[in-house]
There are 2 protein chains.
Amino acid sequence: MERPIVTFLGPAASFSHQAAVEFFGKSAELLPRLSFADAFAAVQQGEADYAIIPCENSTNGSVVQTLDLLADPNNLYQDVAVCGVHYLTVHHCLLARRGVCTGQQDYESVAKLYTHPQAWGQCESFLGNYFKGIERQDVSSTSRAAEIVSKGKSEKSAAIASRFAAELHGLLVLEENIEDKNDNRTRFLVLRNIKSKHTALHLFRDMNNCTMQELPAYTPVAKKTLVSFMVRQDTPGALAEALLIFKSYGMNLTSINSRPSRKKTWQYVFLVECQTAGSIGDSRAAIDILGDLQSVTETCRHWGTWTE
Amino acid sequence: MERPIVTFLGPAASFSHQAAVEFFGKSAELLPRLSFADAFAAVQQGEADYAIIPCENSTNGSVVQTLDLLADPNNLYQDVAVCGVHYLTVHHCLLARRGVCTGQQDYESVAKLYTHPQAWGQCESFLGNYFKGIERQDVSSTSRAAEIVSKGKSEKSAAIASRFAAELHGLLVLEENIEDKNDNRTRFLVLRNIKSKHTALHLFRDMNNCTMQELPAYTPVAKKTLVSFMVRQDTPGALAEALLIFKSYGMNLTSINSRPSRKKTWQYVFLVECQTAGSIGDSRAAIDILGDLQSVTETCRHWGTWTE
């Protein structure tokens, strides 16, 4: 089997990198990109076989930048589809260079903290206990925070990032699991190019040494489908009408998000996820739903059906 | 008539401040607060009669912090209700101290730009044309950016903020309307305390010198209603069931947002807005809808019905 090329939001040691390794195993060839849009484009253009992109966090909710790419008003990513999902448990650590600090007894020697803006909010209680009033610097990712701290030779600084980032940048883990909620998780979507014959042959579970064959043939598997559409603004009740279609096929709506269409002011693209129990490989219901949706919506699109 | 006390996200000269002045007129007593949560609390505790809070922008979509306050998982704001809406046209300007720069001919003398993170994205084309590669500093609001630039005597800096902020901080407006889309608008919700007898007497249009009496008696007025609820996770189809209720009362769903409940992982609070044409003052339909919603949802709440 050829090594799949997997793209994600870098730099190395980001939580997206960790998700890529957990999901695809160590055999994948990794292609970090500077933005979610660059990762989507890499899949569309065939530079990568897969992308793994965060779509929501259990504490902070939807990742709006990802929703905007899925809304895709200019059809930039028409060959990209969702083919799987991965849940990453997000544990934050406090990291410093060796010599700056050894643990709680000398936390007061740390003069400045670096991390991604989302992480402050996830570690509020820990920071309130030990780092009240210490200067905080926002950076573009937790892995970038670790990198800055590892290079800041003259600075008494610490980063909030993953253990993975500590290992990559040779930092000391002063404290683990400093997040407020120990069930802090991020859900990633796995994307592929629908025109790629190479990726169509893969079954993801193979990569994690858990083959499909291990599941008994009769196990009902929850499957999710993602659909995007706009409703006609001149048709009252059109959104309820559209959502009713899911119900008529026995699909349970599990999430609805709306993003500005960027075509007309106050017009929205709706992103709807629904779930059913069905046999693996059967996405017939999704196709029927799409047919019905086309009669009450605009620019309706099936982003994919996968095993959750 | 007593002067109403109006709270909003400060500091002075923020877009929220501008919305407060446009909506309530100059007679209102203004009470700037440091966060949206502080403004909600001021209304709940009766320190302010009204709050005016941004809920969505036509370019960037929902204001997530506001949605989280409306989701209100701990019932902190149970006496707060939505009673009106205001649309603010958001025009960005490039501002500098006198002497730093006079216009396009010497933009190259500007070494650093300050603004709120949302504003960079709204002025991308202008910044790409004239300020490629110039250092950018994120700050908490556009009015704070103007304040910093006005005080940075030794720095060759400029701010992206409103004309209103330029006037308050004595800055020169180098260029107006630098936003990419000239229909860039923010929608604000007007909140009041339902227990306040004082605010119940006010009709907002009076404050803007456009009295209700000017409308012909037979004009059908679009009214909007905001409702929040959680669906039972063990009931498939519960969300579609809930949304159907709006349709059965002839209400058109105009927006749906979901935010993490912060009680259980992957459980959501849904915020649904719906619209109908009805006579002013009649919120009977909303009350009936609530009754029906209670049978299929959890923690269902009517946030208010207002004239759009």
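Numbers at a glance
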item: Residue satisfying condition, being at pLDDT 85 or above, more than 10 Å from every other protein chain (Cβ to nearest Cβ) and crowded, with 16+ Cβ neighbours inside 10 Å, within set A:CYS274, A:CYS300; result: A:CYS300
item: Output for region B:125-147, where each listed residue is surrounded by fewer than 17 Cβ atoms within 10 Å (Cβ to Cβ) and modelled with pLDDT of 90 or more; result: B:ASN129, B:TYR130
item: Criterion: assigned to a loop (DSSP other than H, G, I, E, B) and of a type in the set (Ser, Thr, Tyr) - qualifying residue of A:SER27, A:SER16; result: A:SER27
item: A:LEU94 vs. criteria touching a residue at least 24 places away in the same chain (Cβ under 8 Å), within 23 Å of B:SER261 (Cβ to Cβ) and outside any helix (DSSP H, G or I); result: no
item: Residue count for region B:46-61, restricted to those that are within 14 Å of chain A (Cβ to nearest Cβ), over 17 Å from B:THR225 (Cα atoms) and either in contact with a His (Cβ under 8 Å, 6 or more places away or on another chain) or assigned to a strand (DSSP E or B) (or both); result: 2
item: B:GLY46 closer than 30 Å to B:TYR130 by Cα and surrounded by fewer than 21 Cβ atoms within 10 Å (Cβ to Cβ); result: no
item: Residues of region B:1-40 satisfying the condition of being within 14 Å of the chain's Cα centre (by Cα), farther than 18 Å from B:SER143 by Cβ and in contact (Cβ under 8 Å) with a residue 40 or more places away in the chain; result: B:PHE40
item: Residue, modelled with the lowest pLDDT, within region B:219-270, restricted to residues that are within 20 Å of B:CYS55 (Cα to Cα) and of a type in the set (Val, Ile, Thr); result: B:THR254
item: Residues being of a type in the set (S, T, N, Q), modelled with pLDDT of 90 or more and assigned to a loop (DSSP other than H, G, I, E, B) - total across region A:169-205; result: 1
item: Flag if A:ALA19 is surrounded by 14 or more Cβ atoms within 10 Å (Cβ to Cβ) and in contact with a Leu (Cβ under 7 Å, 6 or more places away or on another chain); result: yes
item: Residue tally, condition among the β-branched types (Val, Ile, Thr) and more than 7 Å from chain B (Cβ to nearest Cβ), over region A:242-260; result: 2
item: In region A:104-132, the residues that are small (Gly, Ala, Ser) and within 32 Å of the chain's Cα centre (by Cα); result: A:ALA119, A:GLY121, A:SER125, A:GLY128
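Every residue, every condition in (1) surrounded by fewer than 20 Cβ atoms within 10 Å (Cβ to Cβ); (2) within 24 Å of B:VAL190 (Cα to Cα); (3) not small (Gly, Ala, Ser), yes or no:
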{"residue": "B:VAL63", "(1), (2), (3)": "no, yes, yes"}
{"residue": "B:GLN78", "(1), (2), (3)": "yes, yes, yes"}
{"residue": "B:LEU88", "(1), (2), (3)": "no, yes, yes"}
{"residue": "B:ALA111", "(1), (2), (3)": "yes, no, no"}
{"residue": "B:ALA119", "(1), (2), (3)": "no, yes, no"}
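The values are calculated or read from the model by the stated rules, or taken from the named source; none is laboratory data. If you're wondering where the values come from, they're calculated on a predicted model, not measured in any experiment. Here the Cβ is made from the backbone with ideal geometry for all residues, glycine too, and neighbour counts use every protein chain on show.
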